[in-house]
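The values are calculated or read from the model by the stated rules, or taken from the named source; none is laboratory data. Bear in mind that the values here come from a model prediction, so they are computed numbers and not experimental data. Here Cβ is always computed from backbone atoms with ideal geometry, including for glycine, and neighbour counts include all displayed protein chains.
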């Protein structure tokens, strides 16, 4: 498979459309009671996505899957600014790293003091399939309002040895078992258009 | 040639030796039970036969149908006919049970040079075996072992065994966490599989399971070794006296 760039989609008013990620920098502002969902497959270079929730009731969901192999170094930054009260955001990032690849993720949630009753969540998980691969995940929560709900979590590690063994004990070889578990790790996260590329990548590199 | 032959097996985790010179021979069609107190190495033995990577074999050999089992990967062992019914089946969130079984079955068929089953043939085979063990369609739609009760997990393990038709079945504490009704269902599922070409190794603490699945040979395992072998009367003796005599 030829990797030419990153792939993005945006869902707004329930319509899914492609998002051009070539520049690596994107910013969005979300209006009153509006929801946007952004999906990206991060394969190369840097990606910075900034969202401003400008009006009450604005919501955003930022989703990224990153796949890294060989010696690729990547940077991903998600930044959500809750400009108004009662806005909500979620960031979901999942990564798979092989070989000597590395990833640097920074996820920012900023809630100024007058933006009460906001909800902001961030969750990052990555699977390392090589001892030489590495991830740095930095949550930056800048919260100045006192009546908000915010959470963040990050987990990075190899695949569960017992899960692999269970599949192998049923006759499935290690490579196929690894692919099954990775597919499960990324299940229901991305639109089909992106999932197809993920499947291709796994078939070729894992 | 014995069906399974374990000779002078020494094994453990890292430097810690758990199996300390174990010998065991199982002939084709036989059902053996290993009983023993906690920490005697029973579950370790079952994991080593199946090839769990956490354990190291220091010395000894395991021959299965004349083949050196220890040189095979866990999946090659499975496809050669070894099946481990786990004491604590691992949960695999996001991996659908039906798809998992289809992959496992077709991998084995391919390994044996048989034709893979198509979706229709697979579903037919799945339904037939599932009904017998009370496995519902809803259970097959769930992720592997996720959201199952202790009893359901054991039923699914037994079901997988019936479905994959292995030659050598290791049952690691199949009775733990089962109520009487579930124990009956699971034992019936195992008993119908008893055939002249298939052998079983049952690992258990209690004699209770052996009332449902009658073993040909009973072994007592203490501190990584088999210290005594006999028939069913040995299990009855243990039930009365405990393991005290063998410690």
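Each row is one residue, and each column tells you yes or no for (1) touching a strand residue (DSSP E or B) at 6+ places or on another chain (Cβ under 7 Å); (2) within 19 Å of residue B:193 (Cα to Cα); (3) at pLDDT below 90.
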site	(1), (2), (3)
B:86	yes, yes, no
B:99	no, no, no
B:105	no, yes, no
B:108	no, yes, no
B:140	no, no, no
B:147	no, no, no
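Could you list all residues from the range A:110-144 that are surrounded by 13 or more Cβ atoms within 10 Å (Cβ to Cβ) and out of contact with any strand residue (DSSP E or B) (no Cβ under 9 Å at 6 or more places or on another chain)? Residue satisfying the conditions is A:116 alone. Where strands (runs of 3 or more DSSP E) fall wholly inside the range B:54-170, the ranges with 3 or more residues that are facing chain A (nearest Cβ under 10 Å) are B:82-85, B:92-96. Filtering the range A:145-166 to residues that are in a loop (DSSP other than H, G, I, E, B) and either surrounded by 12 or more Cβ atoms within 10 Å (Cβ to Cβ) or on the phi > 0 side of the Ramachandran plot (or both) leaves A:145, A:148, A:158, A:159, A:160.
Before we move on, is residue A:93 at negative phi, in contact (Cβ under 8 Å) with a residue 24 or more places away in the chain and within 14 Å of chain B (Cβ to nearest Cβ)? No; evaluated as a whole, the condition is false for this residue. Condition first: touching a residue at least 60 places away in the same chain (Cβ under 8 Å) and crowded, with 17+ Cβ neighbours inside 10 Å. Can you find one or more residues in the range B:53-63 that meet it? For the range B:53-63, residues touching a residue at least 60 places away in the same chain (Cβ under 8 Å) and crowded, with 17+ Cβ neighbours inside 10 Å: present. Residue count for the range A:167-189 under the criterion of being more than 7 Å from chain B (Cβ to nearest Cβ), assigned to a loop (DSSP other than H, G, I, E, B) and either modelled with pLDDT of 95 or more or surrounded by 19 or more Cβ atoms within 10 Å (Cβ to Cβ) (or both): the result is 1.
The single condition among (1) within 30 Å of residue B:165 (Cβ to Cβ); (2) surrounded by fewer than 19 Cβ atoms within 10 Å (Cβ to Cβ) that residue B:242 does not satisfy is (1).
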